[in-house]
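One structure below.
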Amino acid sequence: MRNFLLAFFLLLHFFTLAQPHNDELINVVVTELNRELTEFASAKQPPYYLSYRINDIYSSTISSSFGSLVNANTVRSRIVVADVKVGDYSFDNSHVMDNFDDSNFPHGLPKSQPVQLPIDNRPEAIQYILWQQTQNLYRKALIEFKAAKNNQKVVPNQINDFSRERASIHIDPPLPEFSNFFNQIEWTDRVKKISAPFLGNSDVIDGEASLDVGMERKYLISSEGTRIAQNRLFAYLTVRGSIRANDGDVVPLHLSYFAFDPQKLPSVDLVLKDVNTMIAKLVLLRTAPVAEPYTGPAILQARAAGVFFHEIFGHRVEGHRLKDKNDGQTFKGKVYEQVLPKMMSISFDPTKMEFNGQALNGYYQYDDEGVKSQKVIVVENGVLKTFLMSRTPIDNFSSSNGHGRAQAGTEAVSRQSNLIIESVKTESMAELRKMLIVECRKQKKLYGYLFMDVIGGFTTTARYMPNAFNIFPTEVYRIYIDGRPDELVRGVDMIGTPLAMFDEISATDDQREVFTGYCGAESGSVPVTAISPSLFVKRIETQKKPDSQVEKMLLSRPDHN
């Protein structure tokens, strides 16, 4: 009876794999997957897991400078990454080896590199590429598995190498025609208009607008029975202007807008209004003083606070890092301990499509390992509850929570999605400013800082480097205790170490805003969002930015002659 049940399960599993779908590419890939599984069944050490992740991408970029078109490019591509695992869920070829001597380990092994697939769905061409990738990676997996077994130490309560997850089946409708989604002629004219106002000031040295529009159909087909084809559509408009200050330093400002449909981006008139405001700020930055290094109170406006938390907190709760002994592992051993003020809670919610009418870049239905997206409350009332998990288990966290993410052509690891910061105790911005003044007097400071906007930042989490962060503000003001008007300054970078900064957060305001961006890490660039209130911090540290000098013009600009 036992043998019958096993045979029935295998037959049922194979039947599930063979089910047709209303997607031609899935049918081609499933046919090849089934063929390979049949042949692998007779191997001495067959793979226990086999998958293909395919990104079918339509993308278009339009860029303009000072009102003229400088780039218009449309690309269609298909990228596949295969994954072959030998062993079992508890111990496979991906096993982390301690004190591994690789002097006798064969180098030059094939890697899981991205490969271009044909876009015409010709079965023999697609199946040939999949077969070639599979056999190369299978050879590599066998060698890695043998090395891992030879290096294995007896460890009680060993953590599995790969988590067992329920197979997912989800097929979105086919993508629309790209020409119906995006009118390139119409948007070329709009993008040129958006960058044209920079012509009006002779001191502006960069005045650019760029629109990136994409349609992506993301596939995952695996031996576990997962069949996913999910669509991602996006439009990302950015504006960049920079001016030469009196001392020759180049000072930039940035604007960005995000939507799931280019027609839902702000109107040209609204963007032009923002551009003119940006130019007015650039003019002020031309003569603004350069800030000196500073330590003292500050307010981080909501967008700046979102980037701040993304960098110094978000990367440190990405679970796969806790399996890397070279990582600083800031929060390892701190689960159920207070790591933030009790008023604060932090979640990551890729199921959320919008906030206050604004589309969220970190939205997705399934992660890049086929696990359904889910809201994860990482910190509740200041207490650390969990980590962002992919299918790489860590101690006490054996399952994925839908945060295995990757750029096309890279291998998935745990990554952030929509970072959402909430506070049960809020104040108005006016009250935060009062707190700042009071704290400045306590610390005998003539002024505190207001960080209004940032372009991004970076952090290091490696164990053998300082676990520090660097945030790049673009719009910074001094708030004086004597009541004089706020003063715009330039040349400021915010620096520090995470745990010290968390202890300095004292209050939040009652208005949350969205920062939209793309995060780069081990698995490439992934779309993310941060939603945060403004923060009052009792002590921050700044340093001077590196000078970005340009030579003084020898000739006047022709348009201002």
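The values are calculated or read from the model by the stated rules, or taken from the named source; none is laboratory data. As the structure is a computational prediction, the values presented were derived from the model and not from experiment. No Cβ is skipped: glycine too gets one built from the backbone with ideal geometry, and neighbour counts run over all protein chains shown. With ligands, DNA and RNA removed, areas are computed over all heavy atoms of the protein, side chains included. Shrake-Rupley method; radii C 1.70, N 1.55, O 1.52, S 1.80 Å.
Consider the stretch 282-313. How many of its residues are of a type in the set (D, E, K, R) and in contact with a Gly (Cβ under 7 Å, 6 or more places away or on another chain)?
Final tally of qualifying residues: 1.
Going by the structure shown, is SER223 open to solvent by 20 Å² or more (accessible area, probe 1.4 Å), touching a strand residue (DSSP E or B) at 6+ places or on another chain (Cβ under 7 Å) and either among the hydroxyl-bearing types (Ser, Thr, Tyr) or under 30 Å from ASN27 (Cα atoms) (or both)?
No: the conditions fail for SER223.
If you check MET389 against the conditions, is it touching a strand residue (DSSP E or B) at 6+ places or on another chain (Cβ under 8 Å) and surrounded by fewer than 18 Cβ atoms within 10 Å (Cβ to Cβ)?
no
Mind checking whether some residue in the stretch 176-192 is small (Gly, Ala, Ser) and closer than 22 Å to VAL75 by Cα?
Yes, the stretch 176-192 has at least one match.
Counting only residues that are over 30 Å from GLN365 (Cβ atoms), give me the strands (runs of 3 or more DSSP E) lying completely in the stretch 409-514 with at least 2 of them.
Because the criterion is at least 2 residues that are over 30 Å from GLN365 (Cβ atoms), the strands (runs of 3 or more DSSP E) in the stretch 409-514 that meet it are 447-459, 469-480, 487-489, 492-496.
For VAL191, work out the one condition from (1) buried (at least 18 other Cβ atoms within 10 Å of the Cβ); (2) more than 27 Å from the chain's Cα centre (by Cα); (3) modelled with pLDDT of 95 or more; (4) not small (Gly, Ala, Ser) it doesn't fulfil.
(2)
Open to solvent by 20 Å² or more (accessible area, probe 1.4 Å), in contact (Cβ under 8 Å) with a residue 24 or more places away in the chain and over 19 Å from GLN358 (Cβ atoms): does that describe ILE205?
yes
Looking at PRO498 and the list (1) under 28 Å from the mean Cα position of the chain (by Cα); (2) modelled with pLDDT of 80 or more; (3) surrounded by fewer than 22 Cβ atoms within 10 Å (Cβ to Cβ), which single condition is not satisfied?
(2) is the only condition that PRO498 fails.
Starting from residues that are of a type in the set (A, V, I, L, M, F, W, C) and over 18 Å from ILE479 (Cα atoms), keep the ones in the stretch 401-453 and report whichever is surrounded by the fewest Cβ atoms within 10 Å (Cβ to Cβ).
Result: VAL424.
Out of the stretch 510-530, which residues are open to solvent by 30 Å² or more (accessible area, probe 1.4 Å), of a type in the set (S, T, N, Q) and within 10 Å of the chain's Cα centre (by Cα)?
Selection gives SER525 alone.
If I ask for residues that are loosely packed, with under 15 Cβ neighbours inside 10 Å, in contact with a helix residue (DSSP H, G or I) (Cβ under 8 Å, 6 or more places away or on another chain) and modelled with pLDDT under 95, which ones from the stretch 243-284 would you list?
ASN246
Filter the stretch 117-147 down to residues that are among the aliphatic types (A, V, I, L, M), farther than 19 Å from LEU50 by Cα and under 32 Å from the mean Cα position of the chain (by Cα), then give me how many there are.
So the answer is 1.
So which residues in the stretch 336-386 are polar (S, T, N, Q), surrounded by 18 or more Cβ atoms within 10 Å (Cβ to Cβ) and not in a loop (DSSP other than H, G, I, E, B)?
SER345, SER347 - these are the residues of the stretch 336-386 that are polar (S, T, N, Q), surrounded by 18 or more Cβ atoms within 10 Å (Cβ to Cβ) and not in a loop (DSSP other than H, G, I, E, B).
List pairs: first residue in the stretch 173-191 and part of a helix (DSSP H, G or I), second residue among the β-branched types (Val, Ile, Thr) and open to solvent by less than 90 Å² (accessible area, probe 1.4 Å) anywhere in the structure, Cβ distance under 6 angstrom, at least six positions apart or on different chains.
Partner pairs satisfying both residue conditions: TRP187/ILE62; THR188/ILE62; ARG190/VAL268; VAL191/ILE62.
Can you tell me which residue in the stretch 292-334 is modelled with the highest pLDDT, limited to those that are open to solvent by 10 Å² or more (accessible area, probe 1.4 Å) and among the β-branched types (Val, Ile, Thr)?
THR295
Would you say ASN55 is crowded, with 17+ Cβ neighbours inside 10 Å, in a strand (DSSP E or B) and within 31 Å of the chain's Cα centre (by Cα)?
When the stated conditions are applied, ASN55 passes them.
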